[in-house]
Every structure is written in C-alpha cells, then in structure tokens.
Amino acid sequence: MPGMPTTETTQPHADLKGPGYRAMSALSRATHELPLDPLVRELIRVRASMLNGCAYCVDMHTKDARAIGETEQRLYAVSTWHEAPFFSPAERAALALTDAFTLLAGNPPPDAVIADAERELGAEGLASAMWIIVTINAWNRVAIAGHERAGEYEPEAAAA
C-alpha cells in the first residue's frame, strides 16, 4: 500500500541463539518462579511488549495469558489500562511500574509509582515485577532484532 512503511525482513548479522540467548532463556525461566500472580506476570509482559512495539511478544504473551485464564476483554484493554475498570489495584500498580520502567529513557520512574507497587504487591512482589519488566524489555529487543514473526507461537498449555 502506498505510503505505508515496510518491514525489513533481512536476518540479523549476529547469531542470536548463542550463549547470550541461553543466558536470557535461563533468566526468563527464573521469572516464572518468582512470587507474583501468573496473570500479573503476563499483563506486565503484554504491556511492555505493546510499548516496545514487539508484535511477536504481544502475540506470545496474549496467548500465554489466555491459556492461563485471562479474558479477551482485559487483554484488549491493556493498551488503555489507565481508563479501563477491569484491573485490580495490584494489577494497576504493576502496569504503572511497567510503563515507568519501559519508558525509562530520560524519565526516571516516579517514586510514587514504585511506592504504590510496593504497597500493592509487597516488597517481594515489587522485586519480582521489576525482574519481569527487565527481562521482557530485553526479550522485546532480541525478538525485534531477530525479526521474529508474530502468529506462529503456540503456548505450552495448548500444546500439552
């Protein structure tokens, strides 16, 4: 379509499946064991992926969220969570924290956002959420650099 941006489809120059990828995979597996509600984990991953423009990760994590019981309505509303009434105070705190730590460049996270997340999630939940945010932000960049294609991922719960 004229005037529409095109997506580059060349492969990256570096091998993204080497030692760094294995280390990221280990970190990612560790985030699944953190003491945070699995639905909150996926909401964080979906929101960060939306903010970073990673279609592959949005596709993956919306599918993962649905596989563990998340509703379509809430997934559609993640992009407008500030206005949507579907999220609990803890989920809102996690989403605000995700926004603050994903849109970090030149914008230090407000102390109030961190304090609210700690109040709603607890100290351990805050630390867990931060590790999940750090990890998904890194994965978004790996997926974008690796030209991963949205639509091909199937969650393990569906495959089992």
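The values are calculated or read from the model by the stated rules, or taken from the named source; none is laboratory data. What you are looking at is a predicted structure, and each value in this text was computed from that prediction instead of being measured. Cβ: placed from backbone, ideal geometry, glycine included. Neighbour counts: every protein chain shown.
See the values below:
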| quantity | calculated |
| --- | --- |
| Which listed residue is crowded, with 16+ Cβ neighbours inside 10 Å and closer than 26 Å to residue 25 by Cβ, from 96, 143, 138 | 143 |
| Elements of type helices (runs of 4 or more DSSP H) in the stretch 24-131, at least 2 residues being polar (S, T, N, Q) | 38-52, 89-102 |
| First in the stretch 16-38 and closer than 30 Å to residue 87 by Cβ, second anywhere and at pLDDT 95 or above and aromatic (Phe, Trp, Tyr), Cβ under 6 Å, 6 or more apart | 31/131 |
| Selection status of residue 69, within 17 Å of residue 139 (Cα to Cα), at pLDDT 95 or above and exposed (fewer than 14 other Cβ atoms within 10 Å of the Cβ) | no |
| Residue in the stretch 23-46 that is modelled with pLDDT of 95 or more, over 21 Å from residue 121 (Cβ atoms) and surrounded by 11 or more Cβ atoms within 10 Å (Cβ to Cβ) present | no |
| Subset of the stretch 106-160 that is modelled with pLDDT of 90 or more and aromatic (Phe, Trp, Tyr) - its residue that is farthest from residue 20 (Cα to Cα) | 131 |
| Which numbered condition residue 116 fails, given (1) among the acidic types (Asp, Glu); (2) within 16 Å of residue 35 (Cβ to Cβ); (3) in contact (Cβ under 8 Å) with a residue 12 or more places away in the chain | (2) |
